[in-house]
Structures are given as structure tokens and as C-alpha cells.
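The values are calculated or read from the model by the stated rules, or taken from the named source; none is laboratory data. This structure is a prediction, so every number in the text was calculated from the model and none was measured. Here the Cβ positions follow ideal geometry from the backbone for every residue, glycine too, while neighbour counts run over all protein chains shown. With ligands, DNA and RNA removed, areas are computed over all heavy atoms of the protein, side chains included. Shrake-Rupley method; radii C 1.70, N 1.55, O 1.52, S 1.80 Å.
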Amino acid sequence: MKYKSVFDIIGPVMVGPSSSHTAGAVRIGLVAYKLFGRKPSWARVSFYGSFAETYRGHGTDVAIVAGLLGFDTFDERLPAALDIARAEGLDVSFSAEEAIPHHPNTARLCIGDDRGELELVGISIGGGKIEIVELNGFALKLSGHHPALLIMHNDRYGTIGAVASVLAKHAINIGHMEVSRKEKGKEALMAIEVDQPLTDDLIQELEQLPNILQVAKLAD
Amino acid sequence: MFRNVAELVALAENEQTKIAEVMIRHEIEVSGRSREDVIAQMDHHLSVMERAVERGLQGVSSRSGLTGFDAVRMQRYIEAGRFLSGETILDAVSKAMATNEVNAAMGVICATPTAGAAGVVPGTLFAVKEKLRPTRKEMIEFLFTAGAFGYVVANNASISGAAGGCQAEVGSAAGMAAAALVELAGGTPSQAAEAMAIALKNMLGLVCDPVAGLVEVPCVKRNAMGAANAMIAADMALAGIKSRIPCDEVIEAMYRIGAAMPVALKETAQGGLAATPTGRAIAARIFGASAATK
């Protein structure tokens, strides 16, 4: 069953006009914001496929920036996101790319400030659901049909075990998990799909663990 | 647990309860949330729908200027009293358009089952409110009933225009609304299924061909007709008229038609109304000449 909840059908509550090109785009921006952990001072957004052709009419540009500001899909400030970004000193540029993407609704986000940078590729698969297919050069393979956690962390022993223990304590079952790193002992990524909803309390508890850099949840 | 409309109807009949109640129990079981929590969330979604209709009836316009103010035009026409069809059905049409005009104007809506088809379910609910005088609880149940039928369509066929054309979006929404209208009016679960089948049968083959790729033309007016279709289908089912093709087979047919539909007619803005001279001219005006030739 692709759709599990009645609120996948009667929902989400969102700013229009498109669940895929607006709500999905907000969620891609919001994941980038949560993983970065703060509002970036600059952002370069590249659109591919249908996103590249229709982003202005659907407000996909506005929606991505709203997500980068930490707004959710139903935030009424969403239509004013570009003005709010300017007022808050977030410098944004957009480009429509010619390259043919694997999925028609694809966006690549590079964001940063004087303390760091983050690069992420997201796709919007319909009805406001999204998948993150690449993060800081790490390829991800999440189904998008279950709640998921993305955790950037230091590559140290015990970190994966500690995260799994917290999930077990909250009676959350792991359905699929990927771990990857660029170099031994450096920055690493855990992508975890689970069967139960993820609460804010749980996210906060994970953030308190040693060697955890950033935690973001996909869907809920 | 139900996988199709036949099982949904059987569950409601065997337990002598409403389809809405079957959906509520299913949601509690799947999500692990309390009944109060689940009801409260649907209550919130109902409030969002109410606010969207109110805002649309005050008159809104989209960024592109392609859509807006038709909900208001229809209300003025109803007030003038010289309409040809009926007041309730035209009210449903107006309120469906109101929701989609707010959606096109980047207002807050509740997707039912998608943003592009968000007008049909609330449009019909708020139109029959005067006549049936439902309690708040019954209005919330209406949304669970609509959700139950949409849930079956989403899992057995599609609710995405990119996958199945407009029949999957406004078609599904019309079927969901028709079934929920029947239950709200006191019809049986099997009558609700007949209404869903009749509504969806008359949306089969409807393509998704939005001008300039925007959720505006013809989406707003397709929501209007989806609402009208739902009202008539509900009345037919309540009159005792049955669909010769069972509801689940209509849903299956919708899925197969969607799979056979050319990509140009599935939310790519390459065919149908989007490819007309006027459709292309609008796209060129909004996005520049290069986008219109693609």
C-alpha cells in the first residue's frame, strides 16, 4: 500500500498551487535548512526537467526559499518568501538547467555561509511527497514511502549504535538503513527509514548524542 | 483493513456502521494515534477548507492573472435568481472554484486528494450544508468517507495527473465527493459505492493538459464540473440507480486508461488545451518564447 493514512488523501494542508511543484519544493528546501541547522546566507538553486520549465508559474522558486527560511508547506508567509529572504540577507540565485534529470521534478540546492556549505538534490514525486537522492555528494536510496531520518555525523565508533538505541527506546523499527562516508574518520551520513512516526522529542534526543552534526526528518 | 471498495462496503455493513467510522478505526490502527487526535486533525483540515472557500468568495486572482473572481461571478448570478439548473449545484460549482482560485493564488488549501483537485470535496460539502444542516461531527465524517474512497483509488490506481491524467485527480475527487454526499444524506454504504462508480465513470479518459503547466486553466473549471458531476451522481445513487459496472472495476478501468494515455496528455503541458494556439500564446507570455516551443 503506497498510501497509508487518510491524511495522505485529505491533506496535506498547504499553500498552493501544486502539491508536487509547491508543497514538495518547500519540503526539499526545509530538509536543506534542517540539515544545515541554521539559515544560510547564500543559496544557489538549479532546476531540472518540469521544475526548470514551470518554476516561475508554480512558485517553485518561492517555495524552495520558504523552506530554506524554515517555513513549512502551510505557512502563510510562503508567498512573500523572496522578499523576506532579501530582508534577512539571504542571497539567492536560480538557474534552469538543460540537462535531462532521472526524475522530471528535480532541484539541486547549494547553500552556505561563512561557517560551512551543504549541497543536496531533491525530487518531488507527487502529492507533496519528496525524496532526497543526493546529499553532500553521498547518493541516497530511500523509498520515500516511509518516515526517514538523515543524520550527518562524525565517523566514530558507537555513533550508529547510539542512534539505533535511541530509536529502540522509542519503539521505532528500522526498515532500511544506509551508512556512508567520504573518508575514514571524517564526515559520514546515516539514512534511516522507519515504520513509526518520528516525534520532535526523538529528533531532539538524537541531536544531543555525541558526534552527531545534524539531524533532519523526511515525511512524518 | 480494506483493500478495495467491496471490502470497505462489507466492513461497514457487517459492523452496521458508517464508512466514515471504518476509515477512522483504520487510521487509529495504522497511525497508533488516539481517536481524539485523529478527529482533531480532520477538524483542522475542515477549518482550512472553510477559510479557503470564504477567501475565494471574496475574490482572488493568481500571479499569472489567468484565473480568479469566477466564484464571485457565480455567486452574483445565483443571487440574481435567473439560473437554469439549481441553486445547490451552482453553489457547489462556485465553492469548488473558490477553493481552486485560492490555490492558484498561492493561498492555503487542503489537498483532496491533490491541490489541483482540491475544490470538489469542500465545494459539494459546503453547498449541501444549507439543505442537510450537518453537525460539525457529520462534516468531519464526510471528509473521512471521502478519504476512504480516495484511499482505495490511490492504492489501486492513481491520484496523480502525471500518472493517470485528470481522471485520476478531479475524477477521483468527484467519486470521493459523490460517495460522501450519499452517506451524509443518509444513504447506505453500497449506495455510496454506486455514487462513486457513477461519478468516476463519467470522468474516465479525462486528460491532464494544463496551459503553461500551471494549475489554473482548465483546472479551476474542471473542479467546477467535478463538483456538479458529484452532486448528480449522488442524487442518482440515492434515487436507487445502480452502476452496471461495479465500483472496483471502474477504478481498475481508470487505472488502465491512465496507463494507456499518451505522456503529452499527463501533466506535461505538451498536448490538449496546452498545445492550442491560445494555450501556447499564454505560455509564451508567462515564461518567454523558449518555454512555449518545448
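Just give me the residues in the range B:270-294 being outside any loop (DSSP other than H, G, I, E, B) and open to solvent by less than 50 Å² (accessible area, probe 1.4 Å), in sequence order.
B:GLY272, B:ALA274, B:ALA275, B:GLY279, B:ILE282, B:ALA283, B:ALA284, B:ILE286, B:PHE287, B:ALA291, B:ALA292
Out of B:ASN14, B:ASN4, report the one residue that is touching a residue at least 60 places away in the same chain (Cβ under 8 Å) and either open to solvent by 10 Å² or more (accessible area, probe 1.4 Å) or of a type in the set (D, E, K, R) (or both).
It is B:ASN4.
Could you check A:PRO101 against (1) part of a loop (DSSP other than H, G, I, E, B); (2) open to solvent by less than 40 Å² (accessible area, probe 1.4 Å); (3) under 30 Å from B:SER47 (Cβ atoms) and say which number it fails?
(3)
In the range B:183-192, how many are open to solvent by 10 Å² or more (accessible area, probe 1.4 Å) and assigned to a helix (DSSP H, G or I)?
So the count comes out to 5.
Residue-by-condition table, conditions (1) under 13 Å from A:GLY29 (Cα atoms); (2) open to solvent by 20 Å² or more (accessible area, probe 1.4 Å); (3) more than 17 Å from the chain's Cα centre (by Cα); (4) aliphatic (A, V, I, L, M):
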{"position": "A:LEU69", "(1), (2), (3), (4)": "yes, no, no, yes"}
{"position": "A:PHE74", "(1), (2), (3), (4)": "no, yes, no, no"}
{"position": "A:ARG108", "(1), (2), (3), (4)": "yes, yes, no, no"}
{"position": "A:GLY137", "(1), (2), (3), (4)": "no, yes, no, no"}
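Return only the number of the condition from (1) modelled with pLDDT under 95; (2) surrounded by fewer than 18 Cβ atoms within 10 Å (Cβ to Cβ) that B:GLU267 does not satisfy.
Only one criterion in (1) modelled with pLDDT under 95; (2) surrounded by fewer than 18 Cβ atoms within 10 Å (Cβ to Cβ) is unmet by B:GLU267, namely (2).
State which residue pairs qualify: first residue in contact (Cβ under 8 Å) with a residue 24 or more places away in the chain and inside the range B:88-103, second residue crowded, with 24+ Cβ neighbours inside 10 Å and of a type in the set (S, T, N, Q) in any location, beta carbons under 7 Å apart, and separation of 6 or more residues or different chains.
Qualifying pairs under 7 Å: B:ALA92/B:THR124; B:ALA96/B:ASN223; B:MET97/B:ASN223; B:ASN100/B:ASN223; B:GLU101/B:THR67.
I'd like the full set of residues that are open to solvent by less than 60 Å² (accessible area, probe 1.4 Å) and either over 15 Å from the mean Cα position of the chain (by Cα) or not assigned by the TED database to the domain that holds A:ALA52 (or both), limited to the range A:113-125.
A:ASP113, A:GLY116
Hey, can you tell me all the residues within the range B:82-141 that are more than 14 Å from every other protein chain (Cβ to nearest Cβ), surrounded by fewer than 24 Cβ atoms within 10 Å (Cβ to Cβ), touching a Gly at 6+ places or on another chain (Cβ under 9 Å) and over 24 Å from B:MET42 (Cβ atoms)?
B:GLU87
If you go through the range B:155-182, how many residues are assigned to a helix (DSSP H, G or I), in contact with a helix residue (DSSP H, G or I) (Cβ under 7 Å, 6 or more places away or on another chain) and either farther than 15 Å from B:ILE257 by Cα or more than 12 Å from chain A (Cβ to nearest Cβ) (or both)?
14
Which one is nearest to B:ALA173 (Cα to Cα) among residues in the range B:253-264 that are open to solvent by less than 80 Å² (accessible area, probe 1.4 Å) and more than 14 Å from every other protein chain (Cβ to nearest Cβ)?
B:MET254
Out of everything in the range A:44-65 that is in contact with a helix residue (DSSP H, G or I) (Cβ under 6 Å, 6 or more places away or on another chain) and at pLDDT 90 or above, what residue ends up being nearest to A:ILE100 (Cα to Cα)?
Among residues in the range A:44-65 that are in contact with a helix residue (DSSP H, G or I) (Cβ under 6 Å, 6 or more places away or on another chain) and at pLDDT 90 or above, the one nearest to A:ILE100 (Cα to Cα) is A:PHE47.
Mind checking which helices (runs of 4 or more DSSP H) fall wholly inside the range B:1-71 and carry at least 1 residues that are more than 13 Å from chain A (Cβ to nearest Cβ) and touching a Phe, Trp or Tyr at 6+ places or on another chain (Cβ under 6 Å)?
Because the criterion is at least 1 residues that are more than 13 Å from chain A (Cβ to nearest Cβ) and touching a Phe, Trp or Tyr at 6+ places or on another chain (Cβ under 6 Å), the helices (runs of 4 or more DSSP H) in the range B:1-71 that meet it are B:5-14, B:35-58.
Report, by residue number, each residue of the range A:139-160 that is buried (at least 20 other Cβ atoms within 10 Å of the Cβ), under 15 Å from the mean Cα position of the chain (by Cα) and farther than 24 Å from B:ALA115 by Cβ.
Across the range A:139-160, the qualifying residues are A:LEU149, A:LEU150, A:ILE151, A:MET152.
Every residue, every condition in (1) open to solvent by 10 Å² or more (accessible area, probe 1.4 Å); (2) β-branched (Val, Ile, Thr), yes or no:
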{"position": "B:LEU200", "(1), (2)": "no, no"}
{"position": "B:MET203", "(1), (2)": "yes, no"}
{"position": "B:LEU206", "(1), (2)": "yes, no"}
{"position": "B:VAL211", "(1), (2)": "no, yes"}
{"position": "B:LEU214", "(1), (2)": "no, no"}
{"position": "B:CYS219", "(1), (2)": "yes, no"}
{"position": "B:ASN223", "(1), (2)": "no, no"}
{"position": "B:MET231", "(1), (2)": "yes, no"}
{"position": "B:LEU238", "(1), (2)": "yes, no"}
